[in-house]
Amino acid sequence: MKKVLKVITVYEDEKTLRKISKDIPLEEVTSEKFHKFLDNLKITALNSELPQGWEPAGLAAIQVGEEKNVFIAIDLDTGDFKEFINPRIKTIGEKTSIDIEGCLSIPDLTGYVERPKKVKVTYLDRFGKQHTERLSGFNARIVQHEYDHLIGVLFTDKLVNNGN
């Protein structure tokens, strides 16, 4: 049965949000228990309270108290959430952009963050198959934001002055 998980906020438990997530063994990645967890991450993202006009973009396992190296992120081209298990990210090129971000773990706060425009991400899917994708624009931003959660970094650590 799918359920909405409790999202940890910085006001309740910033210490947990600062933890570095651990890679997930392949036998766990392909387990029914882990697949249920992934489904619950999606349900949680879709049912979280957001400021008016904002849509859910992603959720990392650490945000629900699990030190697992996994996050989900919306693919703006398809409108579907993708699962990124044991992801690795590399920047492509030197171009950056500044845009506004928010976070379920830091409710009622948004800010401007500078990030690389293009990234290459390598990850496993729920069946243990490896994928490599090049992402750009807001898809790249979302994945970088969620990946930061896996290494204990919050978007507020990277704020720039009013997008200038």
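The values are calculated or read from the model by the stated rules, or taken from the named source; none is laboratory data. Bear in mind the structure is a predicted one, so any value in this text is a computation, not a measurement. In this analysis, Cβ positions are derived from the backbone assuming ideal geometry, glycine residues included, and neighbour counts consider all displayed protein chains.
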Condition first: small (G, A, S) and out of contact with any helix residue (DSSP H, G or I) (no Cβ under 7 Å at 6 or more places or on another chain). Now tell me which residues in the stretch 81-115 satisfy that. G93, S97, G102
Looking at (1) closer than 17 Å to L124 by Cα; (2) in contact with an Asp or Glu (Cβ under 9 Å, 6 or more places away or on another chain); (3) surrounded by fewer than 22 Cβ atoms within 10 Å (Cβ to Cβ), which is the only condition A60 fails? (3)
Filtering the stretch 100-125 down to residues that are touching a residue at least 60 places away in the same chain (Cβ under 8 Å) and farther than 24 Å from E14 by Cβ yields L124
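Among the candidates E114, E94, which residue alone is within 28 Å of S48 (Cα to Cα) and acidic (D, E)?
Values: E94 fails: within 28 Å of S48 (Cα to Cα).
Only one candidate passes the filter, namely E114.
Of the residues G65, G79, G58, G137, only one is small (G, A, S), over 11 Å from the mean Cα position of the chain (by Cα) and closer than 24 Å to I8 by Cβ; which? Full working, then the answer.
Values: G79 fails: closer than 24 Å to I8 by Cβ; G58 fails: over 11 Å from the mean Cα position of the chain (by Cα); G137 fails: closer than 24 Å to I8 by Cβ.
Matching residue, one of G65, G79, G58, G137: G65.
Given the condition of a type in the set (S, T, Y), assigned to a strand (DSSP E or B) and in contact with a Leu (Cβ under 8 Å, 6 or more places away or on another chain), answer yes or no: does some residue in the stretch 106-121 qualify?
Step one: filter the stretch 106-121 for residues of a type in the set (S, T, Y), giving 110, 112.
The next check asks that each one be assigned to a strand (DSSP E or B); those that pass are 110, 112.
Then drop every residue that is not in contact with a Leu (Cβ under 8 Å, 6 or more places away or on another chain), which leaves 112.
Scanning the stretch 106-121 turns up at least one residue that is of a type in the set (S, T, Y), assigned to a strand (DSSP E or B) and in contact with a Leu (Cβ under 8 Å, 6 or more places away or on another chain).
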Could you check, for the stretch 145-159, whether at least one of its residues is farther than 19 Å from V64 by Cβ, in contact (Cβ under 8 Å) with a residue 40 or more places away in the chain, part of a strand (DSSP E or B) and of a type outside the set (D, E)? yes
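Looking at the stretch 58-72, is at least one residue without any contact (Cβ under 8 Å) to a residue 12 or more places away in the chain and more than 21 Å from D157 (Cβ to Cβ)? Let's see the steps before the verdict.
Going residue by residue through the stretch 58-72, those that are without any contact (Cβ under 8 Å) to a residue 12 or more places away in the chain are none.
Within the stretch 58-72, not a single residue is without any contact (Cβ under 8 Å) to a residue 12 or more places away in the chain and more than 21 Å from D157 (Cβ to Cβ).
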State all residues of the stretch 1-47 that are in contact (Cβ under 8 Å) with a residue 24 or more places away in the chain and basic (K, R); if no residue qualifies, say none. K2, K3, K6, R18, K19, K22, K36, K42
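For Y112, are the conditions met, namely being surrounded by 15 or more Cβ atoms within 10 Å (Cβ to Cβ), of a type in the set (S, T, Y) and either within 19 Å of A61 (Cα to Cα) or at pLDDT below 95 (or both)? Break it down stepwise before answering.
Working: surrounded by 15 or more Cβ atoms within 10 Å (Cβ to Cβ): yes; of a type in the set (S, T, Y): yes; either within 19 Å of A61 (Cα to Cα) or at pLDDT below 95 (or both): no.
It is false that Y112 is surrounded by 15 or more Cβ atoms within 10 Å (Cβ to Cβ), of a type in the set (S, T, Y) and either within 19 Å of A61 (Cα to Cα) or at pLDDT below 95 (or both).
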